[in-house]
Amino acid sequence: MPSFQTILVFNFGAKALLRSKNNTEIKMEKCLVLGPVKRAFDYSLLPGCGILVANFKDDAFYRFFKRASVAGQSASHPDELLGANCFTDLWEDLNQIDTIQDRVNYILEFCKPYLLERKMIAEKLTNFHDKAFNPIKYLAAQQEQSIRNIQLIHKKYLGYTSKEIIRYQRFLKAIAFVQNIATVNSKIDWFEIIAQCGYYDQSQLIHDFNFYIHMSPTKYLKFQKDICFANAK
């Protein structure tokens, strides 16, 4: 599923395989950075393969790499973004550690010295939860800056626009409706979902499902019901 977070993946053992919507296949070596993840993708773990995924929440990727996204690229080796071999060295250290929790703790300690202080406006953007106001317009007025400037700051630190994240949150709301209906096995009213989630019409709802997860709403509902039925058994 898309998460709008940038992910750093460490691969141990056999190579993992990542596939995009267009069936572009990426064979993972030791580590890979990807994102922000705006669309679903498939991955395969071969026998003897293990992965550890670090999710960079909100502006965390910018604070570490001094850039908000892997712009214009489907995936990169993190050393290419920094111009140094520190992540290759980090992988070598992690490969010697036996437990997942110890690996996680090691990564967290590794990152601490490199993290930039969070910018004030970036913090306000990520912590803005008042649904009665548009965060861009609200902060522009509060900070006495133009709307365009706040939009650029949002894109710079988070890697995506406020319009993109609002659309994604609307989709998540629709997904939650579908999943809830699947668990109780009741009849779905698509027009209710359209109205409750703020879609203009059914075609816009279908477009978002195809865009984010490459499935129609009805196909996703069937998929969820199959999972719920299997779990019930």
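For every residue, the table says whether it meets (1) on the phi > 0 side of the Ramachandran plot; (2) touching a Lys or Arg at 6+ places or on another chain (Cβ under 7 Å); (3) modelled with pLDDT under 90.
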residue: ALA174; (1), (2), (3): no, no, no
residue: ILE181; (1), (2), (3): no, no, yes
residue: ASN185; (1), (2), (3): yes, yes, yes
residue: ALA195; (1), (2), (3): no, no, no
residue: SER203; (1), (2), (3): no, no, no
residue: ILE206; (1), (2), (3): no, no, no
residue: PHE209; (1), (2), (3): no, no, no
residue: SER216; (1), (2), (3): no, no, no
residue: TYR220; (1), (2), (3): no, no, yes
**OP:** Those residues that are part of a strand (DSSP E or B) and either farther than 25 Å from ASP93 by Cα or open to solvent by 40 Å² or more (accessible area, probe 1.4 Å) (or both), I need them from the range 36-46; list them, please.
**Re:** ASP42, TYR43
Original post:
Inside the range 22-35, can you point out the residues that are assigned to a loop (DSSP other than H, G, I, E, B) and open to solvent by 20 Å² or more (accessible area, probe 1.4 Å)?
Top reply: ASN22, ASN23, THR24, GLU29, LYS30
**OP:** Within the range 1-48, count every residue that is free of Cβ contacts under 8 Å to residues at least 40 places away in the same chain and not aliphatic (A, V, I, L, M).
**Re:** 13
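Please enumerate the residues belonging to the range 199-219 that are in a loop (DSSP other than H, G, I, E, B) and either of a type in the set (A, V, I, L, M, F, W, C) or closer than 14 Å to ALA176 by Cα (or both).
Selection gives MET215 alone.
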Original post:
When you go through ILE194, ILE175 one by one, which is the residue that is part of a helix (DSSP H, G or I), within 18 Å of GLN5 (Cβ to Cβ), open to solvent by less than 50 Å² (accessible area, probe 1.4 Å) and not acidic (Asp, Glu)?
Top reply: ILE175
**OP:** Would you please name the residue that is surrounded by the most Cβ atoms within 10 Å (Cβ to Cβ), looking only at residues in the range 152-166 that are part of a helix (DSSP H, G or I) and touching a helix residue (DSSP H, G or I) at 6+ places or on another chain (Cβ under 6 Å)?
**Re:** HIS154
Original post:
Among the listed residues SER216, SER186, SER146, SER203, which satisfies the condition of being among the small types (Gly, Ala, Ser) and under 24 Å from ASP59 (Cβ atoms)?
Top reply: SER146
Subject >> Top-ranked residue of the range 51-105 - restricted to ones that are open to solvent by less than 30 Å² (accessible area, probe 1.4 Å) and in a loop (DSSP other than H, G, I, E, B), ranked as modelled with the highest pLDDT >> reply: ASP59
Original post:
Out of all the residues in the range 1-20, which are under 23 Å from TYR106 (Cβ atoms) and open to solvent by 50 Å² or more (accessible area, probe 1.4 Å)?
Top reply: GLY13, LYS15
Original post:
If you scan the range 124-150, which residues turn out to be outside any loop (DSSP other than H, G, I, E, B), open to solvent by 70 Å² or more (accessible area, probe 1.4 Å) and not aromatic (Phe, Trp, Tyr)?
Top reply: LYS124, LYS137, ALA141, GLN142, ILE147, ARG148
Original post:
Hey, LEU115 hits all of (1) modelled with pLDDT under 90; (2) surrounded by 12 or more Cβ atoms within 10 Å (Cβ to Cβ) but one; which does it fall short on?
Top reply: (2)
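The values are calculated or read from the model by the stated rules, or taken from the named source; none is laboratory data. Source: prediction; values computed, not measured. Counting neighbours? That spans all protein chains shown, and the Cβs are built from the backbone with ideal geometry, glycine included. Accessible surface is based on the protein model in full, side chains and every heavy atom, while ligands, DNA and RNA are left aside. Shrake-Rupley method; radii C 1.70, N 1.55, O 1.52, S 1.80 Å.
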